[in-house]
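Reviewing the structure listed below.
The numbers here are math on the coordinates, done by the rules we state, and not lab data. Just so it is clear, the structure is predicted and the values come from calculations on it, not from any experiment. Positions of Cβ are backbone-derived with ideal geometry, glycine not excepted, and every protein chain shown enters the neighbour counts.
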Amino acid sequence: MPSGPRIALYPGSFDGLTYGHLDLIQRGCKLFDQLIIGVANNSRKTAWFTREERVALVRECTVDLPNVQAEVLDGLTVDVAAKLGAQFIVRGLRAVSDFEFEFQMSIMNRRLNPSVETIFLAPATEYVFLSSSMVKEVWSLGGDVSPFVPPSVVRAFEARKATS
Ligand code: ADP
């Protein structure tokens, strides 16, 4: 393992940053010198917010974490990790549902670049079933999402409703 700062890339869509994402970010920023949140477009999901809006929200919710930054992520995650000098990729594992996909992706990423190691983190138990898509569904149906997402994300949901 090379000496120098330990940098990790935490990629994801973050389309409605949840307290589950933040739980992982708080764990990750203690493990690494620098944690870079890479906001990507996921071809399997339709986003509510542009990547720039999502980056801005992540930045707003992590201002008190000095070694965390957020950037737009374009292209292959391992290529971006290499370009940023990140030796690690952080991903979260919730209930069993995440396991197969995350495992496959980590093995593929290792084939693509064996020098980047994927680290899986588990959230606090209260966030184990929390997902952005579930929160958006609850919000769409008029439910209170304030226990699940930071206030700035609630405001972004409200602003989106006002313009749609
Ligand atoms: P993606 O579209 O790449 O899955 P997400 O924003 O949904 O992007 O998730 C990004 C990462 O954060 C994934 O590794 C996911 O498992 C993890 N994650 C999301 N929500 C939680 C949560 N509540 N607890 C732990 N990890 C989570």
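Under a point-charge model restricted to the Cβ atoms of Lys and Arg (+1) and Asp and Glu (-1), what is the dipole moment magnitude of the chain relative to its Cα centre, in debye to the nearest 20? Walk me through the numbers before you get to the answer.
On the way: 17 positive and 18 negative charges, 43 e Å.
Dipole size: approximately 200 debye.
Evaluate 2.2 N^0.38 Å with N set to the residue count of the chain, then give the Cα radius of gyration divided by it.
Values: Rg = 15.6 Å, N = 164, 2.2 N^0.38 = 15.3 Å.
Dividing the Cα Rg of the chain by 2.2 N^0.38 Å gives 1.02.
As a length-normalised measure over Cα pairs under 8 Å and 6 or more apart, the relative contact order of the chain settles at 28 percent.
The H on the amide N of ARG6, modeled in the peptide plane, is under 5 Å from the matching H of ASP33, GLN34, each at least 5 residues off or on a different chain.
Within the listed set SER97, SER13, SER152, the Gaussian network model of the chain (springs between alpha-carbon atoms below 10 Å) gives the highest mean-square fluctuation for SER97. GNM on the chain, alpha-carbon springs under 10 angstrom: the most fluctuating residue among GLY16, GLY28, GLY142 is GLY142.
In region 25-100, one over the average inverse separation of all distinct C-alpha pairs is 13.7 Å, which is the Kirkwood hydrodynamic radius.
Among PHE103, PHE14, PHE49, the largest mean-square fluctuation in a Gaussian network model of the chain, built with springs joining Cα atoms closer than 10 Å, belongs to PHE103.
Under 5 Å between amide hydrogens, built in the peptide plane, is the criterion, and for ILE37 it picks out TYR10, GLN69, ALA70, GLU71 among residues at least 5 positions away or on other chains.
A simple count of charges around GLU52, restricted to other residues whose Cβ falls under 11 Å of its Cβ and scoring Lys, Arg +1 and Asp, Glu -1, yields +1. Simple rule: put +1 on each Lys or Arg Cβ and -1 on each Asp or Glu Cβ in the chain, find the dipole, and look at LEU112, ASN41, ALA70; the Cα lying farthest toward the positive end is LEU112.
Within the same chain, lysines fewer than 8 places from LYS45 are excluded, and of the rest, those with a Cα less than 29 Å from its Cα are LYS83, LYS136, LYS161.
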